[in-house]
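For reference, the structure is listed below as structure tokens.
Every number in this text was worked out from the coordinates using simple rules, so none of it is lab data. In this text, all values refer to a predicted model and were calculated from it rather than measured experimentally. With ideal geometry, Cβ positions are generated from the backbone for all residues, glycine too; neighbour counts draw on all protein chains shown.
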Amino acid sequence: MPPARLQPALPAGVEAAAVLAELAARYAGRGVELVEVAGGFAFRTAADLAPRLTTVVEAPRRLPRAAMEALAVIAYHQPCTRGEIEEIRGAALAQATLEALLELGLIAPRGRKEAPGRPTLWGTTPRFLEQFGLKSLKDLPRREDLVAPEGPALPLPVPGTPPAAPGAASSAP
């Protein structure tokens, strides 16, 4: 719940931010905690109890890889069109994938691009932020953090020499 939505329910002179801060302090260290997500506040299971409750609560179904890739592209490049998503992914995007993300409330149309055909622009929703426990899109990992550092290079065969047999020790320095 955003503080602005809570404010009208409070008595005059009482600030929503102060009430939320008091609630967060009061529930700190308990089974549930008040946390800031998606521009608002929500009660969530305390991190130390979450592993015990996962056996009780049904886990939401996992998204297919294509849907997760499309969702990541949308999150980092929003608003973007289906064609832009396909270009970045390097693969076609099934309409069913977009429909599944739309049905789950993770993405929403953000208008139309001023281009031939006026394709739909897609962006993430507050539900996306809630689902992934983010306060805002600024909390997404940086792209540089997601790229694995390059490991040691594999030895390349020297031109004109026969390839080494698997498991054989290399005589190259």
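Proximity of backbone amide H atoms, modeled 1.01 Å from N, is registered between Gly123 and Ala108, Arg110 at under 5 Å, excluding neighbours fewer than 5 places apart on the same chain.
Which trypsin sites (Lys or Arg not before Pro) in the stretch 62-133 pass both tests, a DSSP loop state and at most 14 other beta-carbon atoms within 10 Å? Intermediate results must be reported in sequence, preceding the final value.
Details: sites: Arg62, Arg65, Arg82, Arg89, Arg110, Arg112, Lys113, Arg127; in loops: Arg62, Lys113.
When the trypsin sites (Lys or Arg not before Pro) of the stretch 62-133 are filtered for loop state and at most 14 Cβ neighbours within 10 Å, Arg62 remain.
The shape of the stretch 2-83 comes out oblate: with a ≥ b ≥ c from the C-alpha gyration tensor, a/c is at least 1.5 while a/b does not beat b/c. Each residue of the stretch 99-112 was assigned a 3J(HN,Hα) from its phi angle through the Karplus expression (A = 6.51, B = -1.76, C = 1.60, θ = phi - 60°), giving 5, 5, 5, 5, 4, 6, x, 7, 10, 8, x, 10, x, 10 Hz with x at Gly and Pro.
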